[in-house]
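Okay, structure first, notes after.
Each value in this text was obtained by applying a stated rule to the coordinates, not by laboratory testing. None of the values given here were measured: they were computed from a predicted structure. Positions of Cβ are generated from backbone atoms using ideal geometry, with glycine treated the same way; all protein chains shown enter the neighbour counts.
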Amino acid sequence: MRRKAIGFMGPAAIFTAVTLAMTACGQPAETPESNIEDGVQTIAAVTEPVLSEFTLILPAAEGRPAALYGTIGGGTTDDSLTGFAVEGATTELHETVDEDGVMRMTQRPAFALPAGGKIRLEQGGRHGMIFGLPAMDAGTEVPVTLSFAKAGEIVVLAATRARGTMGDVNAMDHGGMDHSQSH
Ligand SMILES: [Cu+2]
């Protein structure tokens, strides 16, 4: 009857046990209430990656790539983002890197997601690149399937936005970059 005994503990008791176990392993002790940063809340007991603020920036012009931005909070175990999928399109993980003062986009096979860590997909940094996206309107939502090495596939709804509507004041615009030179 061991299983019944665990069920009787309730979520609060299990949460405490997980927190204590993590502290014992040398992880920084974190309280759920104090772990809010930039509007993204990560809770120590969450076992799966937490996805938030996912946005799909529509192509600046036909034939240009679209971009995927968002924030992924790590769960209780180390994981990695190995890719993502959008129906009807092909996708790549990209990172914009500074090569001797020239900003270039490089394709990456995966982004590490440490336990309790964070992957921020953003303009001018790591991001998702989408090629051949079917025409769609801004202001809608499109399902994006993220693939993780351990957590498997997680679907998130990304809000579609026209390029230039996210306050990108700098010149780092994918639509204006020569994408063919970056691979
Ligand atoms: Cu890119």
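What is the set of long-range amide H partners of Thr140 at a cut-off below 5 Å, with H atoms built 1.01 Å from backbone N?
Hits under the 5 Å cutoff: Thr160.
If you filter region 83-174 for trypsin sites (Lys or Arg not before Pro), then keep DSSP loop positions with at most 16 other Cβ within 10 Å, what is left?
Qualifying residues, ordered by number: Lys150.
For region 45-181, what proportion of DSSP beta bridges, expressed in % and rounded to the nearest 5, is antiparallel?
If I count the DSSP bridges inside region 45-181, around 95 percent turn out antiparallel.
Under the Kirkwood approximation applied to all pairs of distinct alpha-carbon atoms, what is the hydrodynamic radius of region 45-181 in Å?
After inverting the mean inverse Cα-Cα distance, the result is 15.2 Å.
Using 7 Å Cα-to-Cβ label points, what is the Val50/Glu141 separation (nm, one decimal)?
Distance between label points: 1.9 nm.
I need the phi-derived Karplus couplings for region 103-114: 6.51 cos²θ - 1.76 cosθ + 1.60, θ = phi - 60°, integer Hz, Gly and Pro marked x.
Once rounded to whole Hz, the list reads 7, 10, 9, 10, 6, 10, x, 6, 10, 5, 10, x.
Report the calculated FRET efficiency for Asp98 and Glu153 (r = Cβ-Cβ distance, R0 = 35 Å), to the nearest 0.05.
0.60
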